[in-house]
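Data first, discussion second: the structure below is written as structure tokens.
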Amino acid sequence: MELNSEQIRKDFPILAQKVFGKPLIYLDNAATTQKPLSVIRRIEEIYSTINANVHRGVHRLSHLATESHEEARKTVQHYINAASSNEIIFTNGTTDSINLLAYSFCRSQCKPGDEIIITTMEHHSNIVPWQIQRDILGIEIKVAPIRENGEIHLEDIEELISSKTRLIALTHVSNVLGTINPVAEIIRLGHNYNIPVLIDAAQSIQHLPIDVQTLDCDFLAFSSHKIYGPTGIGVLYGKEQWLEKIPPYRAGGEMIAHVSFEKTTFNELPYKFEAGTPDYVGSSALGEAIRYIENLGLDKIRRYEEQLLQYATERLLQIEDLQIIGTSPHKSSVISFFVKGIHPYDMGMLLDQLGIALRTGHHCAQPLMDALGIEGTLRASFAFYNTEEDIDVLVEGIKKVVKIRSAASPLPTPSLR
Ligand code: 7TS
């Protein structure tokens, strides 16, 4: 049985809303996804029944809250097939996960002159944390280029590898181009040179099956809010031998074994990296979101979203002067585009009036925009609750805006350099 999007939409109350009197067409799923009722209800249920701080009390509620939090860790472990739940560190999102790794990894594994390889298509959160460590520690960042159609090629990464390379950090799926990178091959390449690899899975965890043991990645980061879970919680997966080797990032309660004013020893994994009260409500709700996806079936989600991508690509390309940025045959359900003569921001504002939510701008990937020679794009990104009718409304909306615009005095194309 394929996905029944009409039935699924009933699980997402927000989608039934009207915006400016028009039915909401939510096409900003790469920014954040909407939440199913089961996730919303789990949050309410925890606060209504078992709320207590975790790992601290002997009392019943604390025990139940701790159980819920640790159960969620196991749910994440099984979802990405990690070897142990000790390898699942709860953070507050992808950005936090990468900051943790950049701090802990660079300070323990890098000396001045060592190199980190990233790519041109990284989100700022996989650029800036490395730059901060670069400036403190005197390491260097090497950037793999992208090809014309928005792909990364293995040989371009291999060319950057040297005896000083300490880590390769790249995104699985580009949040702008939609490109699905050949991460398995890149991880193998890294390992041929004994270089560990971090995968930023912020844009893949909700679309593609990920098995960290088969992939053999050393680290992987993602955010709950992009996989139908709540905001404020995310995950850093790390191979146990790596997590044992690198020092804690934040310090405080929970991450210690013993504290005296002279000396402190740190807690075991995963708690060594989880200072302070964790977001046990968020982790539990993330677990619920994963259960929701597993019930639908990631393979069905993938097939459905591929159909949407294909349909949207074909329909959008029928619009005169519309150009899609990112044309790799290996794409996830993200389409960046612009229409010649219309600034993406203007287009986005006018589409908003029609109830259509999509994103405009540089999408936190300014170096990619520079490489492409543009300032920004419009971006439509799809989830399994979107339909072909949503895409039809988008296409009609764009045509309407083009018509209004060409009736007014035509703009130059400020988005193009
Ligand atoms: N990495 C990638 C590839 C992303 O797309 C994002 C967020 C992040 C990291 C950071 O995730 P966060 O949850 O820590 O913020 N991307 C987007 C986007 O494309 N539009 O809004 C947020």
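The values are calculated or read from the model by the stated rules, or taken from the named source; none is laboratory data. It should be emphasised that the depicted structure is a prediction, and the values quoted were computed from it without experimental measurement. Neighbour counts run over all protein chains shown; Cβ positions are idealised from the backbone, glycine included. Remember, those area values only see protein heavy atoms, side chains included, never the ligands or the DNA or RNA. Shrake-Rupley method; radii C 1.70, N 1.55, O 1.52, S 1.80 Å.
Using heavy atoms of the protein chains and a probe of 1.4 Å, the accessible area assigned to Ser328 is about 10 Å². The residue list Cys110, Ile88, Ser48 was ranked by how far each Cα lies along the charge dipole of the range 20-174 toward its positive end, using unit charges on Cβ atoms, and Ser48 comes out on top. Positive contributions from Lys and Arg (+1) and negative ones from Asp and Glu (-1), summed over other residues with Cβ under 11 Å from the Cβ of His63, come out at 0. Short-range pairs are left out: with C-alpha atoms under 8 Å and at least six residues apart, the relative contact order of the range 323-417 is 35 percent. Here the gap between Ile404 and Trp242, fully extended at 0.36 nm per residue and compared with their Cα-Cα distance, gives a gain of 52.6 nm. Of all the options His362, His63, His123, the one that moves most in a Gaussian network model of the chain with Cα springs shorter than 10 angstrom is His63. For Ile325, the residues whose modelled amide H falls within less than 5 Å of its own, excluding neighbours fewer than 5 places apart on the same chain, are Ser336, Phe337, Phe338. Roughly how many whole Å is it from the C-alpha centroid of the range 120-165 to that of the range 354-406? Cα centroid to Cα centroid, the span is 28 Å. With the cut-off at 1.5 for a/c, could you classify the chain from its C-alpha gyration tensor as rounded, prolate or oblate? The shape class here is oblate. Does the range 118-221 classify as rounded, prolate or oblate by the C-alpha gyration tensor (a ≥ b ≥ c root eigenvalues; a/c under 1.5 gives rounded; else a/b over b/c gives prolate, otherwise oblate)? Cα axes put the range 118-221 in the rounded bin. Taking the Cα centre of the range 225-273 as reference, the dipole from Cβ charges on Lys and Arg (+1) and Asp and Glu (-1) amounts to some 200 debye. Rounded to the nearest Hz, the phi-derived 3J(HN,Hα) couplings of the range 303-317 under the Karplus curve 6.51 cos²θ - 1.76 cosθ + 1.60 (θ = phi - 60°) are 4, 5, 5, 5, 4, 4, 4, 5, 4, 5, 4, 4, 5, 5, 5, where x marks glycine and proline. Taking every protein chain into account, the accessible area of the chain amounts to 43 square angstrom per residue (probe 1.4 Å). When the charge dipole of the chain is built from unit charges on Cβ atoms (+1 for Lys and Arg, -1 for Asp and Glu) and taken about the Cα centre, the candidate among Ile391, Ile98, Ile14 whose Cα reaches farthest toward its positive end is Ile14. Exposure check, 1.4 Å probe, all protein chains in place: Glu155 carries approximately 100 Å² of accessible surface. Projecting the Cα atoms of Phe338, Leu350, Gln34 onto the charge dipole of the chain (Cβ charges, centred on the Cα centre) puts Leu350 farthest toward the positive pole.
Local charge for Asn92 was computed over the other residues whose Cβ lies under 12 Å away, with Lys and Arg +1 and Asp and Glu -1, and equals -2.
Take every DSSP beta bridge whose two residues both sit in the chain, then give the antiparallel share in percent to the nearest 5. Here the share of antiparallel DSSP bridges comes out near 60 percent.
Heavy-atom accessible area, probed at 1.4 angstrom with all protein chains present, ranks Ile14, Ile227 as Ile14, Ile227, highest first. Around the Cα centre of the range 62-197, unit charges on the Cβ atoms of Lys, Arg, Asp and Glu (plus for the first two, minus for the last two) sum to a dipole of about 320 debye.
About the centre of its Cα atoms, the chain shows a dipole size close to 740 debye [charges on the beta carbon of Lys, Arg (+1) and Asp, Glu (-1) only; nearest 20 debye]. A Gaussian network model of the chain, with springs between Cα atoms under 10 Å, assigns the largest mean-square fluctuation among Gln318, Gln206, Gln307 to Gln318.
Out of the range 1-66, which GluC sites (Glu not before Pro) are coil in DSSP terms and have no more than 13 other C-beta atoms within 10 Å? Sites meeting the loop and neighbour criteria: Glu2.
Separation of the range 240-276 from the range 175-197 is 30 Å, based on Cα centroids. Within the assembled protein chains, the solvent-accessible surface assigned to Asp392 is about 40 Å², based on a 1.4 Å probe.
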